[in-house]
Amino acid sequence: MRAITTDRGKTYEVDYAWAPLADGSCLITMQDDRRLPVIATEFDGLQKIHFVDDETGAADWEGYSRLTNLDTIQPGKVRIKLIKGG
C-alpha cells in the first residue's frame, strides 16, 4: 500500500507518488472521482507531504506548495503535479 498524508491532516491512498522528479516537481496519481476543483483546494498551498510505501519506506517532502497541473487521466483517476513555490 502507498499513501500520502498532507500537513492539512488528510490521508490519501495513492497509485504513485514521488518527489523530486527530474524537473524538480512532485507527481501524484490516485483514484478519485470527485470534481477537480474540490481536489485542487486540498492540494494547492500544501507545505508538507508525508509519503509511506510498504515496500520502499517513508519520506517527507516539503515546499511543494504550488499546484501546477491537475487532470483526469482515466475515469476515476487523477494526476496531480506540484512544484516548490513561495
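Any read-out appearing in this document is the output of simple, stated calculations on the displayed coordinates, not a laboratory observation. Predicted, not measured: the structure shown is a model, and the values here were computed from it. Here the Cβ positions follow ideal geometry from the backbone for every residue, glycine too, while neighbour counts run over all protein chains shown.
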For A3 and N69, extending 7 Å from Cα along the Cα-Cβ vector and measuring point to point gives, in nm, a value of 2.8 nm
Report, in whole Å, the centroid distance computed from the Cα atoms of the range 64-83 and the range 6-29. 9 Å
Could you please rank M30, M1, placing first whichever residue has the fewest other Cβ atoms within 10 Å of its Cβ? M1, M30
The long-range amide H neighbours of D7, using H built 1.01 Å from N in the peptide plane and a cut-off of under 5 Å, are Q47, K48
Could you work out which residue, out of D60, D33, D23, moves most in a Gaussian network model of the chain, that is, has the largest mean-square fluctuation with Cα springs under 10 Å? D23
Provide the per-residue ³J(HN,Hα) series for the range 60-70, in order, calculated from phi with Karplus coefficients 6.51, -1.76, 1.60 and θ = phi - 60°, each as a whole number of Hz, with x at glycine and proline positions. 10, 10, 10, x, 7, 9, 10, 6, 10, 7, 8
Taking Rh as the Kirkwood radius computed over alpha-carbon pairs of the range 2-83 and applying Stokes-Einstein at 10 °C with viscosity 1.306 mPa s, one gets a diffusion coefficient in µm² s⁻¹ of 126 µm²/s
